[in-house]
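Step one of this worksheet: look at the structure below.
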Amino acid sequence: MNVATPHGSVAPGTLDLTADKPVPFGRLVKVELRKMLDTRAGLWLLISIVLLTGLVLVIFLINADDKSFVNAMQATATPQGILLPVLGILLVTSEWSQRTAMVTFTLEPHRGKVLWSKVTAAVLLGLAAVVLALVVASAVTAVGGTSDAWHDASLQLVLQYVVLQLLSVLGGLVFGLLFLNTAAAIVTSYALPIAFSIITSLVSSFHKVQPWVDPGTAQTPLQSGEILSGKEWSHVIVTSLIWVVLPFAIGMWRVLRAEVK
Amino acid sequence: MGRVITLENVTKRYGAFTAVDDVSFTAQPGRVTGFLGPNGAGKSTSMRVMVGLTPPNGGRATIGGHLYSQIPNPARHVGVLLDASAQHAGRTGREVLRISADTMGVGPKRVEEMLELVGLSGNEAKRRVRNYSLGMRQRLGIANAFLGDPSVLILDEPVNGLDPAGIHWMRGLLRQFASQGGTVLLSSHLLHEVEMIADDMILIGRGKIVAQGTKAELLQTRGTYVKPEDPAALLQALQGAGVEAIPSGDGGFRSEAEPIDIGRAAAAAGVVLIELKPAEGAGLEEMFLQLTSDDARESITAQGVQV
């Protein structure tokens, strides 16, 4: 209880909020990061990302033909691309599967703010994974790279890699937000894009529009080690609008209106 | 100073089913208000409306004059426990509190104080919530509610799962909180729990408020039940003596007057009495039992329909 409340002008029984400050956004982001680390599921997921990134690069060091930095970097994209969506999914769905959303949205009733803090946490964790991959790839290149290992390295290729990984973590988060259920989100986030790719590639009349609607096709150049053309960037942007921004908007709208039980 | 919880005409419908039907009441500072009703009567839904988790179809709920969602950092004013089981099973008790403390901006020292307040020892606080008994989860939920040093508490079935010693402890804790000016609203489906803890009571059944008042008012079995040989003669005698009485439907009457006054009036008029005793069953308990049994019947019917 507050000590000797000097609320002179306030009617008895009412709450004086003039001195109150909202929960800072940065604090919510910190809490979201903490939530990712303080359970076994979250912690082991992060440890797996670290271990698999390291493992892939060790295999790369032993097996790869062309031990360049860009190839090393690309090699980490696959294991991270599989695990980062799960990270995004868990950030959202664990609140519903464990029913902590009730507490979370009671502590901060502005649900949109909470969801944006989750997006920010997802981006930060994605960036951390990217930095880890880049650092280990650099180390591997420095130790076992070929003599011209750095010749094709460029800032733009690194940025393309960053975009790819962030799309992967955010893509997961969006499916989590859409389903609010871990299993459904994980299955759908893997199966649906693949199924969509297969269908659009089977039907010949879809071939022209495929890079504009199929994220798998649109994102392939991001993994190729080539610098993207303007048109290829447009493909990435349009497919991201369809597969990330639109479902995020739908999921957000639902969570803002829904009853939390 | 405590703050008033006010519900004004709150209604929540799920399709054709009205879970909360035009509910209005207040819970006052300095008092423990018991929110009593059978399971499914609308207590939890009402409480979720109060803290903004459930949008009502009509009416509004305010705390200290504000919608909960308009209170910046509300946990510093309102301590909430809606479901003690709604905690991440994989977190330790201490970690659950740390997350809340970090969100509302109180230090880790406060977490340790609250663990001590609710009697979760160092070893218990280190265990994961999945290994907690319901009683321990309730204690953790209470610690969570007290964390932000609130002036209002909203607690849904906080006593559920506590042993008698735990209920006694909870009673002391909430009484102390109220005596310092805090507002406490707690729900329960057990009359005797609420009787032990509350000053005021609100009785809800099928989404509607059926009675409210102080505990003394509601639990009092005031007045007299009388059954005469000749009802008309007794009524006339009582009217002559200025005593009001209403027929109870079985040839008897209920009256606010004391048994001795009725006995005297009957004797003076020469009316023969079959029964004369302090009124029973006009109290809260009968009303509550009736609500509960009505709902029990309804659920049987519902199962019959399902099969």
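Filter the strands (runs of 3 or more DSSP E) completely within the range B:9-98 down to those with at least 1 residues that are touching a Ser or Thr at 6+ places or on another chain (Cβ under 8 Å) and within 24 Å of A:E95 (Cβ to Cβ). So that I can check it myself, show each step before the final result.
Working: elements: B:17-27, B:32-36, B:58-63, B:78-81.
The qualifying strands (runs of 3 or more DSSP E) are B:17-27, B:58-63, B:78-81.
Looking at the structure I just gave you, is B:S85 under 30 Å from B:F25 (Cα atoms), touching a residue at least 12 places away in the same chain (Cβ under 8 Å) and out of contact with any His (no Cβ under 7 Å at 6 or more places or on another chain)? Working first, answer last.
On the way: under 30 Å from B:F25 (Cα atoms): yes; touching a residue at least 12 places away in the same chain (Cβ under 8 Å): yes; out of contact with any His (no Cβ under 7 Å at 6 or more places or on another chain): yes.
Yes; evaluated as a whole, the condition is true for this residue.
Somewhere in the range B:72-87, is a residue within 13 Å of chain A (Cβ to nearest Cβ), under 19 Å from B:L185 (Cα atoms) and acidic (D, E)?
Yes, there is a match, as at least one residue in the range B:72-87 is within 13 Å of chain A (Cβ to nearest Cβ), under 19 Å from B:L185 (Cα atoms) and acidic (D, E).
When the residues of the range B:88-120 are filtered to those that are over 30 Å from the mean Cα position of the chain (by Cα) and small (G, A, S), which remaining residue is nearest to the other protein chains (Cβ to nearest Cβ)?
Here the answer is B:G90.
Looking only at the range B:191-238, count how many residues are over 23 Å from B:V51 (Cα atoms), in contact with a strand residue (DSSP E or B) (Cβ under 9 Å, 6 or more places away or on another chain) and not in a strand (DSSP E or B).
Residues flagged as over 23 Å from B:V51 (Cα atoms), in contact with a strand residue (DSSP E or B) (Cβ under 9 Å, 6 or more places away or on another chain) and not in a strand (DSSP E or B) within the range B:191-238 amount to 16.
Just one of A:L87, A:L115 is within 30 Å of B:I154 (Cβ to Cβ) and more than 14 Å from chain B (Cβ to nearest Cβ); which is it? Steps first, answer last, please.
Values: A:L87 fails: within 30 Å of B:I154 (Cβ to Cβ).
On inspection, the qualifying residue turns out to be A:L115.
If you take the residues of the range B:1-27 that are small (G, A, S) and under 17 Å from the mean Cα position of the chain (by Cα), which of them is farthest from the other protein chains (Cβ to nearest Cβ)?
Ranking the qualifying residues of the range B:1-27, first place goes to B:S24.
Would you mind stating whether B:P56 is assigned by TED's automatic domain parsing to the domain that holds B:R139 and either modelled with pLDDT under 95 or among the charged types (D, E, K, R) (or both)? Let's see the steps before the verdict.
Working: assigned by TED's automatic domain parsing to the domain that holds B:R139: yes; either modelled with pLDDT under 95 or among the charged types (D, E, K, R) (or both): no.
No, not satisfied.
Report the residue count in the range A:213-240 for those that are touching a helix residue (DSSP H, G or I) at 6+ places or on another chain (Cβ under 7 Å), part of a helix (DSSP H, G or I) and surrounded by fewer than 18 Cβ atoms within 10 Å (Cβ to Cβ). Let's see the steps before the verdict.
Start the filter on the range A:213-240 by keeping residues that are touching a helix residue (DSSP H, G or I) at 6+ places or on another chain (Cβ under 7 Å), which leaves A:213-219, A:221-223, A:225, A:227-228, A:232, A:235-236, A:238-240.
Narrowing further to those that are part of a helix (DSSP H, G or I): A:213, A:215-219, A:221-223, A:232, A:235-236, A:238-240.
Among the residues that remain, those that are also surrounded by fewer than 18 Cβ atoms within 10 Å (Cβ to Cβ) are: A:213, A:216, A:223, A:238.
The qualifying residues number 4.
The values are calculated or read from the model by the stated rules, or taken from the named source; none is laboratory data. Just so it is clear, the model here is predicted, and its values are computed rather than measured. Backbone-built Cβ (ideal geometry, glycine too); neighbour counts: all protein chains shown.
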